[in-house]
Amino acid sequence: MTLTENVVFSSLRRTWQPVANSADLPPGRVTGYTLLETALVIARFASGRVLAADTACPHKGARLSQGCIRDDELMCPYHGWRFDAGGACQSIPSLLEPNAEKQALSHLNVYAVQERYGFVWVKLEATPLLNGQLHELPAVPEFEDPRWTYRMGPPMAFAAGWRREVENYLDMSHFAFAHSGTLGASADPRIRGMDIKVTPDGGYQMDAPFPALQSTHELPGKLQSAHHRMQRGYLPNFTTVRQSFHDGDERVLVHIPSPNTRESCTCFWSLAISPGFKGPPPEAQIEFAIKVLDEDRGMCEMQVPREVPINPVRGGWGVLVMPGDTLANTFQKQLRRWLTADTHA
């Protein structure tokens, strides 16, 4: 079958996608987020409960994301209609007497929410199965191990499709060029010893050495030095990188490009650092990672087209495949298999 962007977004609606960092959503905070072209209001109530719902007020369509929490209810900024943490309409101020029928009809269209790994996750379609089963978040033990230092990165908006960000994160040959002033200060563009496997869950894993040059002219810092990388992709868009350094230290990073529109995404990310890490402190590592991610954003946004085509065309874009593209090509191949299996489930 021919896959389309409609098929892609239909399948992703049944997956958990991040919409905010939990720390950025304290009680009383109301914000907005566009997920898979669906405009949402995200609000946290005094109980700690998070509401995710269509942002349009059922009265006149005002954006509830521009509203506020008043007396522990979400209040519309236009006519003051109020909703509880479950989306039920509690008040219509213009009515002289409460009208239970109108309030029942005004219940917000709400979505499933969970919090894990410091992110707020939303699933737009919670009940339908995906490839015969419900989509759940991958387990990353280091993110919940109190012995490890866990830090959240600030979400970064990309004016590029989510698959662009995934491919960039998987690319092993761009360090020396796109990151010449940061991560790739001493990187070797030649890739050796890259081992890629398809995992039982339909994802993929790569094991390879980080290509750092041994040069007396360029003495890399700890984060730029040679190390082993294990990159693990969980479909559709959850990617971890485990960095194992020669002195026994380790780091585990995650990137999840949450799709906003077909040509834009927001990259949510975090970092776990092994106990007794001999290198830059956590805050400096986050600052360094922000610089690297901003360089990646620039690379993704300058590529044409803004999103990687879901159907490769013989003789078209991307035909000049290099060895360093193998992991990204594996991602695209497994993603297409995943999407095709879902349409047949």
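Of all the criteria given as (1) at pLDDT below 85; (2) within 22 Å of His228 (Cβ to Cβ); (3) of a type outside the set (A, V, I, L, M), the one not satisfied by Gly203 is (1). If you go through the range 241-266 and pick out every residue that is within 16 Å of Ala328 (Cβ to Cβ) and either in contact with a Leu (Cβ under 7 Å, 6 or more places away or on another chain) or in a loop (DSSP other than H, G, I, E, B) (or both), you end up with 1. Residue count for the range 54-75 satisfying the condition of being surrounded by fewer than 20 Cβ atoms within 10 Å (Cβ to Cβ) and either at pLDDT below 95 or in a helix (DSSP H, G or I) (or both): 1. For the range 82-131, taking the residues that are in contact with a helix residue (DSSP H, G or I) (Cβ under 9 Å, 6 or more places away or on another chain) and over 30 Å from Asp201 (Cβ atoms), the one that is surrounded by the fewest Cβ atoms within 10 Å (Cβ to Cβ) is identified as Leu95.
Of everything in the range 260-300 that is closer than 27 Å to Glu144 by Cα and of a type in the set (Gly, Ala, Ser), the residue that is surrounded by the fewest Cβ atoms within 10 Å (Cβ to Cβ) is Gly276. Candidates in the range 80-104 are the residues that are aliphatic (A, V, I, L, M) and within 34 Å of the chain's Cα centre (by Cα); of these, the one that is nearest to Phe45 (Cα to Cα) is Ala85.
Yes/no matrix, rows are residues, columns are (1) over 24 Å from Phe277 (Cβ atoms); (2) modelled with pLDDT of 95 or more; (3) charged (D, E, K, R):
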position	(1), (2), (3)
Asp188	yes, no, yes
Pro209	no, no, no
Leu213	no, no, no
Thr216	yes, no, no
Ser225	no, no, no
His228	no, no, no
Leu235	yes, yes, no
Arg242	no, yes, yes
Phe245	no, no, no
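Across the range 284-297, the number of residues qualifying as of a type outside the set (A, V, I, L, M) and without any contact (Cβ under 8 Å) to a residue 24 or more places away in the chain comes to 1.
The values are calculated or read from the model by the stated rules, or taken from the named source; none is laboratory data. Nothing here was measured: the structure is a model prediction, and the numbers come from that model. Every residue, glycine as well, gets a Cβ built from its backbone with ideal geometry; the counts of neighbours run over all protein chains shown.
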